[in-house]
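Engineer: Got a structure here, written out as structure tokens. Questions coming.
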Amino acid sequence: MKIDRLIGILSILLQKESVTAAELAQRFEVSRRTIQRDIESICRAGIPLSTARGTGGGISIMEGYRVDRTVLTSAEMKDILAGLQSLDSVSGTNQVAQLMEKLSPGSSTLVPGEQNILIDLSSWYHRSLAPKITQIRTAIQQKQTLTFLYHSPKGESSRSIEPYYLIFHWSSWYVWGWCQSREDYRLFKLNRMDHLATGEPFTPRAAVLPDLSNERIFPGGIQVKALFDPDTKWRLVEDFGPDCFEEQPDGKLLFQANYTHTENLLSWLFTFREKVVLLEPQSLRQTIKASLKKMLKQYEEES
């Protein structure tokens with residue numbers, strides 16, 4: 001298509017100082033005359049191009065021309081290409097690679113030679129995620145419902161949804177859709193979905209965009225105060241940032257934060273084993289004590 005070719009030519013000119021008509025004709029498998037018409041179309045769109053004949057000549061964006069904000073710069077294009085390439089790490093298709101072939105002046109290998117940004121969205125669950133992402137994308141495009149078994153802290157439930165958006169957020173993949181059993185929009189984490197299947201066609205609603213603000217999804221409400229050993233500092237910084245604790249005179253780290261979910265908090269604290277003491281809230285201190293007593297009893301019975 002002509003528009004694809006024009007976008008490809010413009011992206012190449014943004015990334016290279018000059019390129020010949022013969023090079024463009026060979027790359028896009030068209031005649032040099034067609035390339036000349038494309039160049040004229042780009043000029044009519046308001047982007048002045050200049051041509052120079054002879055050795056070292058070629059087509060280039062006119063020197064001194066200030067590219068409009070709606071046109072990507074070379075650096076922006078490279079970052080986008082790196083991000084697009086990363087989608088192939090989870091998509092399970094070669095659609096992104098094909099798009100990059102149209103936009104990139106070079107090959108669609110990992111990154112261009114001068115690129116210094118590497119993005120990989122794949123996870124430990126790559127093999128199970130890629131088929132789900134492909135299936136969900138197809139269902140969204142073809143307007144078909146999805147059925148699945150969903151695992152949540154409240155238990156397992158069978159769901160049927162009208163899918164509208166596939167979302168990568170908080171380092172995880174989600175699908176946003178209208179849940180037929182709850183009669184409302186819901187956000188589902190792909191790693192918790194099992195027995196995913198495509199269902200009946202549906203008539204699309206005027207789908208609202210999901211509110212992904214931390215305050216909306218993670219409302220907080222549990223004021224946590226805990227004392228950590230000094231060698232856990234890297235974990236605290238990684239999970240909550242360097243301002244989540246105060247270093248005490250004895251080297252201990254006084255941690256304070258507003259946490260969201262009781263079970264998640266307990267699971268997180270237990271990963272530190274004996275290197276943390278929960279100070280507040282008192283109710284959770286009692287819960288931890290009871291759990292530790294049961295755990296100790298189980299291990300004593302085994303021995």
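Laboratory data are not the source of any read-out in this text; all were calculated from the coordinates shown. Computed from a prediction, not measured in an experiment: that's the story for all the values here. Every residue, glycine as well, gets a Cβ built from its backbone with ideal geometry; the counts of neighbours run over all protein chains shown.
Engineer: List, in order, the whole-Hz ³J(HN,Hα) value for each residue of segment 45-59 obtained from phi through the Karplus relation with A = 6.51, B = -1.76, C = 1.60 and θ = phi - 60°; use x for Gly and Pro.
Structural biologist: 6, x, 10, x, 10, 10, 10, 10, 8, x, 4, x, x, x, 9
Engineer: Follow-up question, since we're still on this one. I'd like the Karplus ³J(HN,Hα) series for segment 160-177: coefficients 6.51, -1.76, 1.60, θ = phi - 60°, whole numbers in Hz, and an x wherever there's a Gly or Pro.
Structural biologist: Result, rounded to whole Hz: 9, 10, 9, x, 10, 9, 9, 10, 10, 7, 6, 6, 9, 9, 9, 10, 10, x.
Engineer: Hey, what did segment 222-296 get for relative contact order, percent, Cα under 8 Å, at least 6 apart? Before the final figure, lay out each step's value.
Structural biologist: Working: 86 pairs, mean separation 31.0, N = 75.
Averaging sequence separation for qualifying contacts and normalising by length gives 41 percent for segment 222-296.
Engineer: Mind sorting 289, 275 by how few other Cβ atoms lie within 10 Å of their own Cβ, fewest first?
Structural biologist: Numbers: 289 11, 275 15.
Ordered by Cβ neighbours within 10 Å, fewest first: 289, 275.
Engineer: Moving on to the next point. Under 11 Å from the Cβ of residue 251, count the other residues' Cβ atoms, weight Lys and Arg +1, Asp and Glu -1, and hand me the total. Numbers along the way, then the final one.
Structural biologist: On the way: positive: 233, 252; negative: 229, 231, 247, 250.
Overall, the nearby charge balance is -2.
Engineer: Compute from the Cα atoms of segment 2-61 the Rg and the Dmax, the latter being the longest Cα-Cα distance, and quote both in angstrom.
Structural biologist: 10.4, 30
Engineer: Determine how many Å³ per residue the convex hull of the Cα atoms of segment 126-212 encloses.
Structural biologist: Values: hull volume 8.5 nm³, N = 87.
Dividing the Cα hull volume of segment 126-212 by its residue count gives 97 Å³.
Engineer: With 5 Å bins from zero, work out the P(r) of segment 218-302 over every alpha carbon pair and list the percent per bin.
Structural biologist: 3, 13, 24, 25, 17, 10, 6, 2, 0
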